[in-house]
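Some notes on the structure that comes next.
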């Protein structure tokens with residue numbers, strides 16, 4: 001697997017050591033059929049021995065109807081919240097479940113929207 005080296009969000013930001021982070025990415029991120037363009041490690045905060053990091057894995061995305069030369073980067077479902085223990089040099093994935101947006105149905109069915117005819121009257 002040929003992956004790009006991770007980059008920090010800020011120039012002087014803390015990062016998880018590259019060899020440990022790349023080992024974690026290779027074993028835990030599903031990259032089947034994807035072309036990974038960028039890996040970004042963002043330091044968030046530290047509590048005790050644990051550093052909190054957000055890891056974003058960008059893949060190459062071709063929008064529909066744009067052609068093969070018009071591609072863009074996207075994160076999609078490849079964003080992770082990681083705890084890095086500086087003493088034991090271990091990475092733990094603390095990502096919660098993905099939020100799925102459900103389509104809302106109209107609350108009152110049978111009531112016309114503005115401009116639609118109901119019986120003999122207009123609204």
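Is one or more of the residues making up region 20-37 closer than 14 Å to residue 8 by Cβ, more than 16 Å from the chain's Cα centre (by Cα), in a helix (DSSP H, G or I) and modelled with pLDDT of 80 or more? Yes, because at least one residue in region 20-37 is closer than 14 Å to residue 8 by Cβ, more than 16 Å from the chain's Cα centre (by Cα), in a helix (DSSP H, G or I) and modelled with pLDDT of 80 or more. State yes or no: is residue 61 more than 13 Å from residue 80 (Cβ to Cβ), under 18 Å from the mean Cα position of the chain (by Cα) and surrounded by 11 or more Cβ atoms within 10 Å (Cβ to Cβ)? Spelling it out, residue 61 is indeed more than 13 Å from residue 80 (Cβ to Cβ), under 18 Å from the mean Cα position of the chain (by Cα) and surrounded by 11 or more Cβ atoms within 10 Å (Cβ to Cβ). Residue 41 falls short on exactly one of the conditions (1) in contact with a strand residue (DSSP E or B) (Cβ under 7 Å, 6 or more places away or on another chain); (2) outside any helix (DSSP H, G or I); (3) more than 13 Å from residue 81 (Cα to Cα), and that condition is (3). Count of region 11-27 residues, restricted to those that are farther than 14 Å from residue 56 by Cβ and exposed (fewer than 15 other Cβ atoms within 10 Å of the Cβ), is 9. Checking each residue in region 64-87 for being assigned to a strand (DSSP E or B) and crowded, with 17+ Cβ neighbours inside 10 Å picks out 80, 82, 84. Filtered by the rule that a residue be touching a helix residue (DSSP H, G or I) at 6+ places or on another chain (Cβ under 9 Å) and in contact (Cβ under 8 Å) with a residue 60 or more places away in the chain, region 9-59 gives a lone residue, 16.
The values are calculated or read from the model by the stated rules, or taken from the named source; none is laboratory data. Keep in mind it's a predicted model, so treat the numbers as computed, not measured. Cβ atoms come from the backbone with ideal geometry, glycine included; neighbour counts cover every protein chain shown.
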